[in-house]
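**Q** I'd like to ask you about the structure that follows.
Bear in mind these aren't lab numbers, they're just calculated from the coordinates by the rules spelled out. These numbers were taken from a predicted model, which means no experiment stands behind them. Note that we place each Cβ from the backbone using ideal geometry, even for glycine, and neighbour counts take in every protein chain shown.
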Amino acid sequence: MTIQQYLIKIDLLQKTENRNAFFDNLDLENFVLKMSSNIAENGFALDSFFQKSVSKSIAINSEIIKQFSNHSGLFFLEEEIGNVCYAESIELRSEYRQSFRLIDVLDYVYAFAHCSLYKETQKIIFPPDADSFWNLVKIGNNIRKTEE
């Protein structure tokens, strides 16, 4: 699945009427519950996450990416630079990672959009820290891979 296809899939989540068909994951619910109880409702709606362009492709709101960076304490890498050092390797444990990519944000959003809190509020909460961010990225990645 390309990034553009993934963006379209996430965009369709907000339009889906049957929210009960979403992925059921106890870990996801526990992480989101812990996040929502530790921070104020600081988040965004999916429609503000996307910027539609004239070419009909979907782009991401750069202000929301900045907020992810601010809340998680991680740097956003706009371009794939390859695995030039171990510091950016996927094998590196999440607590040692210092940056994130677009696919990581999409996996986070995809996971969050499958939880009951999102179904109730229609809001994605920013991660309070890097650990919370990486936990939801892992869950979102797993959901995406099971659906491919």
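**Q** Apply 1/(1 + (r/R0)^6) to the Cβ-Cβ distance of Glu29 and Thr146, taking R0 = 25 Å, and write down the FRET efficiency to the nearest 0.05.
**A** On the way: r = 17 Å, r/R0 = 0.68.
Using R0 = 25 Å, I get an efficiency of 0.90.
**Q** Between Glu63 and Leu77, what is the label-to-label distance in nm when each label sits 7 Å out along the Cα-to-Cβ direction?
**A** My value for the distance between the label points is 2.8 nm.
**Q** Taking H placed 1.01 Å from N in the peptide plane, check which residues at least 5 places from Phe76 or on another chain put their amide H under 5 Å from its amide H.
**A** Phe100
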